[in-house]
């Protein structure tokens, strides 16, 4: 439960890296004379949505909001990093820090931050107020008669104050950054603006940090966000106050102030402005609107006659209505995409896309974007229909078996008995390496050694890959570590919680219509499988420095690149982070034909973690349940593990809600009995 080490504490518990290394498109901003006055080399957006609160009212509409805004930003050339339901202040800080460190150092980058969730305003004892972004596990504030908190420390541990946002805003080296909060709070770090936005000019390129909130203190943001709808309308072109083809941050704030307040009958009044810093308040963030291709008008041979008829703006009104139609289509598309990600049955997902196509049947004469959405919907239907539905012969001990839905290979593990846990020789070696105090604190949970007898079972030959997992959650991002990608199709999926791994298994069970059951292995099944009949500390023997022929571990390759302050294996496996699963990485399998049982990624097991084997079932039944509130078992070590972590007996525990760059899983499958 405590054996992760420095990198593990970051990677396993907190590290939430920005999306992979692809870049947003270059954007040239020109004034009315056509002169380029600003160039955005790359555009990045960090979106944080909190919908599932433990104590506060839930905001289910946030998920739809995030998908709709994400889709629009991607169409405008932003590379979007989406983070959902950070649990506490540490998680929020890590998200901001990692994103800014990765994308905020280049002056020509453009950064957008978008938060949707609860906000809170609290009085300060020195006077004034402070605004907070509220994380998923924050307690409800318990206020005294003066509005001060009785549970102050607990709340502050699960919220991020606006002073910290100011620190992040100043830490950014990029010229332009815009922070948008679909939350209500006050005590803000910016000066309120009421000036009429200026035209694009040389002033625009100056550094700026701009802020927009959807409301002030004591105002409630509804779950169905009016602010989000008007935000999208502004980026469709309605926010272009001076009709120059751009929406600046100032125009956006002014538009939202004028539209949201009246729409909500004054219940919600957005605020906008620039940071209180003269060095960061002169410029203006700019969104470039899609420009229609101009149609050349031939010059008449003779001067035309004066026009007849009445003044009319019906065509302009029609264009406005079509822009709103386009906005509704994008929202519907986001709903269909979110439904597909959650759908347990393929036909339900297909039905959702067909319903979208019915809704989007009418062609928008002023845009090609609606046709693009229809084409994407047709592509999703084709991909879903292409999924194999035929089921091969049932798995049996006489044949290998491949799941037809994901392509996962399963290996038959014959039943038998074994001694589970740490040997005396292993204990002696560990104490020599790390000392008795460290051993007693961290490694005696592998005792007492005890006999377990198991029936045969089918276990995944490899860890579940990114490509396989994305058949369930298409937008899953395994991210990277220190610039090294974890997102390859053949790399093991990481940043998956125990609950998500279990949900993936349930989804896969549904795809087989009850014929097979998929689940995480029990801890006893896992150790029996990794040992494969051996009694040594590792399935290849006791020598940790032979690991590189069998496992991806913290070796000399990783040490030269990452240089963690820890003992590395004295060998080379040629991988810095996760390796492609199995034979693709040229590691040898154990005697059962299983790959990567040690190293590469820690693997979730079904059991709740206990700090000893006292009371463990001799039949290897999993201990604990989902609702018992306990941490869940991880086994096997990972790509950043030092020698005493890469052993068959090693065990760990971790919160079932948490994710990390070191955590993956593999599955057990069994035919269902009638």
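The values are calculated or read from the model by the stated rules, or taken from the named source; none is laboratory data. These numbers come from a predicted model, not from an experiment. So basically every Cβ, Gly included, is an ideal-geometry build from the backbone, and we count neighbours across all protein chains shown.
Tabulated data
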| read-out | value |
| --- | --- |
| Residue pairs meeting the criteria (Cβ under 6 Å; at least 6 apart or on separate chains; first more than 16 Å from residue 286 (Cβ to Cβ), in region 248-266; second assigned to a helix (DSSP H, G or I) and modelled with pLDDT under 85) | 260/226; 263/226; 264/226 |
| Strands (runs of 3 or more DSSP E) within region 89-204 that include 2 or more residues over 26 Å from residue 78 (Cα atoms) and modelled with pLDDT of 75 or more | 119-123, 129-134, 159-161 |
| Residue list for region 585-613, filter: under 21 Å from residue 654 (Cβ atoms) and out of contact with any strand residue (DSSP E or B) (no Cβ under 9 Å at 6 or more places or on another chain) | 599, 612 |
| Residue check, residue 445 crowded, with 17+ Cβ neighbours inside 10 Å and in a helix (DSSP H, G or I) | yes |
| Residue in region 512-534 that is in contact with a strand residue (DSSP E or B) (Cβ under 8 Å, 6 or more places away or on another chain), under 30 Å from residue 67 (Cβ atoms), in a helix (DSSP H, G or I) and in the same structural domain as residue 591 (by TED's automatic domain parsing) present | no |
| Positions within region 575-588 being in contact (Cβ under 8 Å) with a residue 40 or more places away in the chain, buried (at least 16 other Cβ atoms within 10 Å of the Cβ) and either touching a helix residue (DSSP H, G or I) at 6+ places or on another chain (Cβ under 6 Å) or assigned to a loop (DSSP other than H, G, I, E, B) (or both), in sequence order | 575, 576, 577, 578, 579, 580, 581 |
| Conditions (1) crowded, with 16+ Cβ neighbours inside 10 Å; (2) touching a strand residue (DSSP E or B) at 6+ places or on another chain (Cβ under 7 Å); (3) over 30 Å from residue 612 (Cβ atoms); (4) touching a residue at least 12 places away in the same chain (Cβ under 8 Å): number failed by residue 509 | (4) |
| Unique match (being in contact with a strand residue (DSSP E or B) (Cβ under 9 Å, 6 or more places away or on another chain), within 24 Å of residue 600 (Cα to Cα) and buried (at least 19 other Cβ atoms within 10 Å of the Cβ)) among 477, 489 | 477 |
| Region 99-132, residues that are closer than 24 Å to residue 478 by Cβ and out of contact with any strand residue (DSSP E or B) (no Cβ under 9 Å at 6 or more places or on another chain) | 101, 105 |
| Selected residue [surrounded by fewer than 10 Cβ atoms within 10 Å (Cβ to Cβ) and either modelled with pLDDT of 75 or more or not in a loop (DSSP other than H, G, I, E, B) (or both)] from 361, 390, 351 | 361 |
| Options 432, 422: the member that is out of contact with any strand residue (DSSP E or B) (no Cβ under 8 Å at 6 or more places or on another chain) and under 20 Å from residue 525 (Cβ atoms) | 422 |
| Residue within region 454-461 that is crowded, with 16+ Cβ neighbours inside 10 Å, within 15 Å of the chain's Cα centre (by Cα) and under 18 Å from residue 663 (Cα atoms) present | no |
| Subset of region 593-613 (residues that are over 27 Å from the mean Cα position of the chain (by Cα), over 22 Å from residue 642 (Cα atoms) and modelled with pLDDT of 90 or more) | 610, 612, 613 |
| Candidate set: region 614-635, residues that are out of contact with any helix residue (DSSP H, G or I) (no Cβ under 7 Å at 6 or more places or on another chain) and under 30 Å from residue 568 (Cβ atoms); chosen: the one surrounded by the fewest Cβ atoms within 10 Å (Cβ to Cβ) | 631 |
| Test for residue 572: is it surrounded by fewer than 21 Cβ atoms within 10 Å (Cβ to Cβ) and at pLDDT below 90 | no |
| Among residues of region 260-303, those that are over 28 Å from residue 39 (Cα atoms), in a loop (DSSP other than H, G, I, E, B) and modelled with pLDDT of 65 or more, counted | 5 |
| Count of residues meeting criterion [surrounded by 14 or more Cβ atoms within 10 Å (Cβ to Cβ), part of a loop (DSSP other than H, G, I, E, B) and under 39 Å from the mean Cα position of the chain (by Cα)] in region 407-437 | 3 |
